[in-house]
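Remarks on the structure that follows.
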Amino acid sequence: MMTTENASPTATLKLISAGITAYQSVFVKSRLAPLLSRPKPVRNSGFEMALTIESVTAQGPDVISLELVDPDGGQLPSWIPGAHLDILLPSGKQRQYSLCGDPADRTRYRIAVRRIADGLGGSREMHELTAGRTIDVVGPRNAFPLIAAESYLFIAGGIGITPILPMVRQCHERGIPWKLVYLGRSRETMPFLDELAQYPSGQVEIRPDDEFGLPDVTHIIPTAAQGSAIYMCGPTPLMATARGLMREINPSGSLHTERFSALPVVGGKAFEVRLAASGITVQVAADETALAAIRREVPGVAYSCQQGFCGTCRVRVCGGKVDHRDRLLTPGERAETMLTCVSRSAGGPLVVDL
Ligand code: FES
């Protein structure tokens, strides 16, 4: 998902709105509203589809790309660079993957997955999928849209190249100045180098660690031209360094990073959540989300973005006062429900319908 830092609030709002308005309007009408009359939250939200895996292609030693098509050959919902799909795996796990194909091709989606041998199993399961199989997906959603800028500096680390590929394509097709710095352990481990070879060499800088040493964003970020927007997707420590650096060297600059994990809790206080349906009481620590605490007791509880914009973790509130920190719910919805991935207690215990 994306964090938009130091961009003009108006520009950011417009773009986020452009990226997710269509999703929200359908979501609110077709998914969210009926939820209010249900005793339990639905498992997922958004455009849920069953798609067929048309092909699986190796993109390096531990990366595959998958092309997904409509089983009946129909057109797929449109998307813009930065969008991702939620994949609902047969095991029940849910994972997000950036769309990395051509947005103009409405016949297929392409995603890419790096296999994490010691991860939680989602990527390993993805690597076991084969062509011809049908999987459920939700999306596309976009929380990482390109804001309007005079030029762009893209910084990608490893599999973080996936959301950047369509952005580069769009800038190139529209004649907007851009530069990409692509980082990775070695050329063999960096997917899609062949596709990037189509662009002028001066615009794409390939920097594998085994040739250039470990990446140093303190040298990369200052190369952004005045007025550039910087888009970054890669390892979390690298993005954290970049955010800190921007505050120091270019506080008014525009840095956008994508993350598929929870935002850090800011100004949190510990509180208690009682799960009315199951009779369980959960202690939420000051530095964790209610969702994370609930998942310790109810591992199968539904969630997706973990950043308060998709609505998947929405629950009905039966008691207590909520400190709403989401970007989705209307005042009326907030009177009855909350998003556990970001919202907290405003004081005292909460009771939710789980
Ligand atoms: S998981 Fe998306 S709003 Fe909570």
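Side notes on the structure shown:
- Test result for ALA83, closer than 28 Å to ILE230 by Cβ, assigned by TED's automatic domain parsing to the domain that holds ALA242 and in contact (Cβ under 8 Å) with a residue 60 or more places away in the chain: no
- Segment 264-319, residues that are within 10 Å of the ligand (Cβ to nearest atom), of a type outside the set (A, V, I, L, M, F, W, C) and not in a loop (DSSP other than H, G, I, E, B): ARG314
- Within segment 34-59, the set of residues being assigned to a strand (DSSP E or B) and either among the hydrophobic types (A, V, I, L, M, F, W, C) or at pLDDT 95 or above (or both) comprises MET49, ALA50, LEU51, THR52, ILE53, GLU54, SER55, VAL56, THR57, ALA58.
- Restricting attention to segment 327-346, the residues being surrounded by fewer than 23 Cβ atoms within 10 Å (Cβ to Cβ) and either under 25 Å from GLU258 (Cα atoms) or near the ligand (Cβ under 10 Å from one of its atoms) (or both) number 3.
- Test: PRO251 is within 16 Å of the ligand (Cβ to nearest atom), at pLDDT below 85, assigned to a loop (DSSP other than H, G, I, E, B) and surrounded by fewer than 16 Cβ atoms within 10 Å (Cβ to Cβ): no
- Pairs where the first residue, in segment 280-293, is in contact (Cβ under 8 Å) with a residue 60 or more places away in the chain and the second is within 14 Å of the ligand (Cβ to nearest atom) and of a type in the set (Phe, Trp, Tyr), C-beta under 7 Å, 6+ apart: none
- In the set (1) loosely packed, with under 15 Cβ neighbours inside 10 Å; (2) under 15 Å from GLY158 (Cα atoms), the condition left unmet by GLN198 is number (2).
- Count of residues meeting criterion [modelled with pLDDT of 90 or more and buried (at least 21 other Cβ atoms within 10 Å of the Cβ)] in segment 283-306: 5
- Among (1) without any contact (Cβ under 8 Å) to a residue 40 or more places away in the chain; (2) loosely packed, with under 13 Cβ neighbours inside 10 Å; (3) more than 27 Å from GLN94 (Cα to Cα) - the single one PRO237 does not satisfy: (3)
Per-residue answers, yes or no, for (1) at pLDDT below 95; (2) over 20 Å from the mean Cα position of the chain (by Cα):
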{"residue": "ALA131", "(1), (2)": "no, yes"}
{"residue": "ALA143", "(1), (2)": "yes, no"}
{"residue": "GLU150", "(1), (2)": "yes, yes"}
{"residue": "LYS179", "(1), (2)": "no, yes"}
{"residue": "ARG187", "(1), (2)": "no, yes"}
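- Scope segment 50-84; condition crowded, with 16+ Cβ neighbours inside 10 Å and closer than 15 Å to ILE159 by Cβ; matching residues: GLN59, GLY60, ASP62, VAL63, ILE64, SER65, LEU66, HIS84
- In segment 152-177, the residues that are among the hydrophobic types (A, V, I, L, M, F, W, C) and over 20 Å from the mean Cα position of the chain (by Cα): CYS171, ILE176
The values are calculated or read from the model by the stated rules, or taken from the named source; none is laboratory data. Remember, it's a predicted structure, so these values are computed and weren't measured experimentally. Note that we place each Cβ from the backbone using ideal geometry, even for glycine, and neighbour counts take in every protein chain shown.
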